[in-house]
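Read the structure below first, then the notes.
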Amino acid sequence: MKKTDIITTALASFALLSMTACSTTPTDMTKANIIPKPVSVTATGETFTLTPNSDIYVQEGMDEMLNIGQYLADKLNPSTGLEMKVISDGRKPGKGDILLELSSGDSLLGDEGYEMVVTGKLLKITANKPAGLFYGVQTVRQLLPAKVELTTLQEGPWEIPTGTIRDYPVYSYRGAMRDVARHFFGPDDIKTFIDQMAAFKMNALHLHLSDDQGWRIEIKSWPNLALHGGSTEVGGGEGGYYTQEQYSDIVKYAQDRYIIIIPEIDMPGHTNAALSSYPELNIGGKATELYTGIKVGFSTLDTKSEVTYKFVDDVFRELAALTPGPYLHIGGDESHVTKLEDYIPFINRVQDIVTAHGKQVIGWDEIALATLKPDVIVQYWARADNAIKGVNQGAKVLMSPSKYAYIDMKYDSTSIYGLNWAGFIEVDHGYNWDPASLVPEIKRDNIIGIEAPLWAETVSNREEAEYLLFPRLLGYAEIGWTPAEQRSWDEYKLRLAAHGERMEAMGIKFYRSSKVEWAGQK
């Protein structure tokens with residue numbers, strides 16, 4: 001190529017870049033496909049563009065904000081190639097920059113809300129707390145083209161419509177549960193899921209760490225729980241467990257993404273892995289065989305033995321020390337072979353043990369048959385009358401109704417994975433319910449939030465799990481975040497359709513429901 005041709009090409013490229021940076025393409029922020037849907041969006045019709053000069057500015061002297069800024073840079077730089085830096089030295093942002101700023105003057109935003117103001121020159125996110133800035137960052141990701149989620153260099157332009165978004169959640173608990181007991185999922189799988197949850201502003205991950213088929217957390221005072229009880233899974237696979245160091249790493253990874261971990265040790269039923277590991281936990285003192293099937297309700301701890309309560313105390317003592325979040329989950333479901341007169345005093349005493357270790361009790365709705373301590377949370381999954389009993393005792397309710405929120409249910413009769421004992425849950429059915437009106441006796445003030453559990457009888461790896469999790473998880477995230485009066489399936493399914501490309505870019509193996517006309521699908 002001649003030197004003059006090189007100069008001409010360079011000038012043309014520079015001109016194109018300059019035109020892109022100064023783009024005034026009309027836009028409408030209200031048409032942005034954001035999930036969960038924000039509380040309010042106002043459009044101003046112009047365009048903000050990221051350029052090679054763009055950087056991310058945060059307040060100086062705050063490591064937490066520096067971390068959020070770096071999180072955003074790490075998400076955007078691989079695909080945009082813009083090499084944005086995080087600036088925290090007090091300098092003022094310029095044209096094309098992003099500014100993250102804390103301000104305590106907006107009570108409506110609460111601890112997790114944010115306001116985003118986008119002009120042609122600056123994108124500014126303001127929040128009362130760092131969590132709000134982090135959730136605003138997730139919205140920035142969704143305002144950019146879906147290809148921003150790829151980890152390889154993509155062509156621009158990287159444009160965002162101008163306007164103002166004000167946003168905050170309706171519920172303080174927006175969670176999902178992963179059953180790692182029926183089939184074991186390693187730390188990397190769980191971290192990937194944490195990243196996926198964070199992208200849709202979810203903030204609680206419940207880990208079902210023990211069941212008949214496996215014990216998945218190292219307990220140093222009872223080592224055989226993991227070594228023996230964690231050695232298999234449904235179908236007879238090799239199982240596995242988290243060392244305490246691995247569990248702590250997961251907890252920290254989640255914390256950095258504003259997600260709390262809630263560890264569950266299910267008891268007095270669903271305990272065969274523990275009973276097989278330590279014979280003294282059994283009625284009669286004889287260890288059971290390891291179990292690799294999927295039946296429920298056949299196992300129970302010896303609720304009259306003091307050894308059992310030493311076991312419970314040791315397990316929750318170690319878990320409490322490893323878990324900075326406020327909750328420990330005691331299970332309590334499907335204890336069919338535990339007599340009610342034994343079940344009630346057991347649950348009462350376990351509540352005392354958890355409270356003594358400085359944590360708040362969560363349990364499946366059957367625990368409301370006992371005498372609940374103050375601040376207990378009843379997780380409604382099966383029987384509304386149990387949840388109502390909890391409310392009548394002053395308990396709060398975590399909504400996980402199986403016929404709407406159990407993410408292990410099949411979509412329909414053709415689904416590859418999943419069960420159907422609670423019915424089929426297509427994407428629209430999973431979205432079309434309101435926690436605060438589902439059970440008349442359970443009011444909005446009684447509810448802390450929503451959780452979508454994925455039980456793992458039929459899934460054994462990440463791809464299989466994602467088939468059931470996605471796209472339904474996005475709907476549960478929106479139920480937990482967006483006021484019910486602002487949600488409708490007909491509008492939501494259009495935004496969800498546009499997210500097919502984004503989920504693909506994120507590497508999610510999602511189910512392409514026929515209820516949604518996916519963007520680009522013929």
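The values are calculated or read from the model by the stated rules, or taken from the named source; none is laboratory data. This is a predicted model, so every value here is computed, not measured. We place every Cβ from the backbone using ideal geometry, glycine too, and count neighbours over all the protein chains shown. These area figures cover heavy atoms from the full protein model, side chains too; ligands, DNA and RNA do not enter into them. Shrake-Rupley method; radii C 1.70, N 1.55, O 1.52, S 1.80 Å.
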Residue check: is ASP412 of a type in the set (D, E, K, R), without any contact (Cβ under 8 Å) to a residue 40 or more places away in the chain and out of contact with any Pro (no Cβ under 9 Å at 6 or more places or on another chain)? yes
Within the range 298-332, the residues that are over 21 Å from SER231 (Cα atoms) and assigned to a loop (DSSP other than H, G, I, E, B) are ASP302, THR303, LYS304, SER305, THR323, PRO324, GLY325, PRO326, GLY332
Top-ranked residue of the range 396-408 - restricted to ones that are open to solvent by less than 10 Å² (accessible area, probe 1.4 Å) and in contact (Cβ under 8 Å) with a residue 40 or more places away in the chain, ranked as farthest from ALA465 (Cα to Cα): VAL397
Spot the failing condition for GLY449; the list is (1) within 25 Å of VAL39 (Cα to Cα); (2) in contact with a strand residue (DSSP E or B) (Cβ under 6 Å, 6 or more places away or on another chain); (3) open to solvent by 10 Å² or more (accessible area, probe 1.4 Å), and only one is missed. (3)
Filtering the range 234-288 for residues that are open to solvent by 40 Å² or more (accessible area, probe 1.4 Å), within 24 Å of GLU366 (Cα to Cα) and not β-branched (Val, Ile, Thr) leaves a count of 0
Within the range 416-451, the residues that are under 29 Å from ASP189 (Cα atoms) and free of Cβ contacts under 8 Å to residues at least 24 places away in the same chain are ASN420, TRP421, ALA422, GLY423, PHE424
Return yes when GLY390 is in a helix (DSSP H, G or I), open to solvent by less than 10 Å² (accessible area, probe 1.4 Å) and over 25 Å from VAL361 (Cα atoms) and no when it is not. no
Enumeration of residues in the range 435-456 that are over 11 Å from PRO401 (Cβ atoms), within 20 Å of the chain's Cα centre (by Cα) and either in a strand (DSSP E or B) or among the charged types (D, E, K, R) (or both): ILE447, ILE448, GLY449, LEU454
The residue that is surrounded by the most Cβ atoms within 10 Å (Cβ to Cβ), considering only those in the range 36-58 that are part of a loop (DSSP other than H, G, I, E, B) and out of contact with any strand residue (DSSP E or B) (no Cβ under 6 Å at 6 or more places or on another chain), is PRO36
Out of the range 348-362, which residues are touching a Leu at 6+ places or on another chain (Cβ under 9 Å) and either open to solvent by less than 10 Å² (accessible area, probe 1.4 Å) or aliphatic (A, V, I, L, M) (or both)? GLN351, VAL354, VAL361, ILE362
Flag for GLU366 being within 16 Å of GLY269 (Cα to Cα), in a helix (DSSP H, G or I) and either under 24 Å from the mean Cα position of the chain (by Cα) or without any contact (Cβ under 8 Å) to a residue 12 or more places away in the chain (or both): no
Do the conditions hold for ILE219, that is, is it open to solvent by less than 10 Å² (accessible area, probe 1.4 Å) and farther than 30 Å from PRO268 by Cα? no
Matching option when the condition is in contact (Cβ under 8 Å) with a residue 40 or more places away in the chain, surrounded by 17 or more Cβ atoms within 10 Å (Cβ to Cβ) and under 22 Å from ILE377 (Cβ atoms), among LEU454, LEU469, LEU474: LEU454
Some residue of the range 193-204 being modelled with pLDDT of 95 or more, within 22 Å of GLY332 (Cβ to Cβ) and buried (at least 24 other Cβ atoms within 10 Å of the Cβ): yes
With criteria (1) open to solvent by 60 Å² or more (accessible area, probe 1.4 Å); (2) touching an Asp or Glu at 6+ places or on another chain (Cβ under 7 Å); (3) in contact (Cβ under 8 Å) with a residue 40 or more places away in the chain, GLY520 comes up short on (3)
Scanning for something within 19 Å of THR47 (Cα to Cα), among the charged types (D, E, K, R), out of contact with any Lys or Arg (no Cβ under 9 Å at 6 or more places or on another chain) and modelled with pLDDT of 95 or more, does the range 69-92 turn up at least one residue? no
Which one is surrounded by the most Cβ atoms within 10 Å (Cβ to Cβ) among residues in the range 289-333 that are of a type in the set (Asp, Glu), closer than 14 Å to PHE346 by Cβ and out of contact with any Phe, Trp or Tyr (no Cβ under 8 Å at 6 or more places or on another chain)? ASP302
Do we have any residue at all in the range 178-189 that's within 10 Å of the chain's Cα centre (by Cα) and at pLDDT 95 or above? yes
Please state which of the following conditions PRO345 fails to meet, knowing it meets all the rest: (1) in a helix (DSSP H, G or I); (2) buried (at least 17 other Cβ atoms within 10 Å of the Cβ). (2)
Considering only residues of the range 273-297 that are among the hydrophobic types (A, V, I, L, M, F, W, C) and touching a Gly at 6+ places or on another chain (Cβ under 8 Å), which is nearest to PHE184 (Cα to Cα)? ALA273
When the range 108-123 is checked residue by residue, the ones that are within 16 Å of SER40 (Cα to Cα), of a type outside the set (Asp, Glu) and either buried (at least 19 other Cβ atoms within 10 Å of the Cβ) or under 26 Å from the mean Cα position of the chain (by Cα) (or both) are LEU108, LEU109, GLY110, GLY113, TYR114, MET116, VAL118
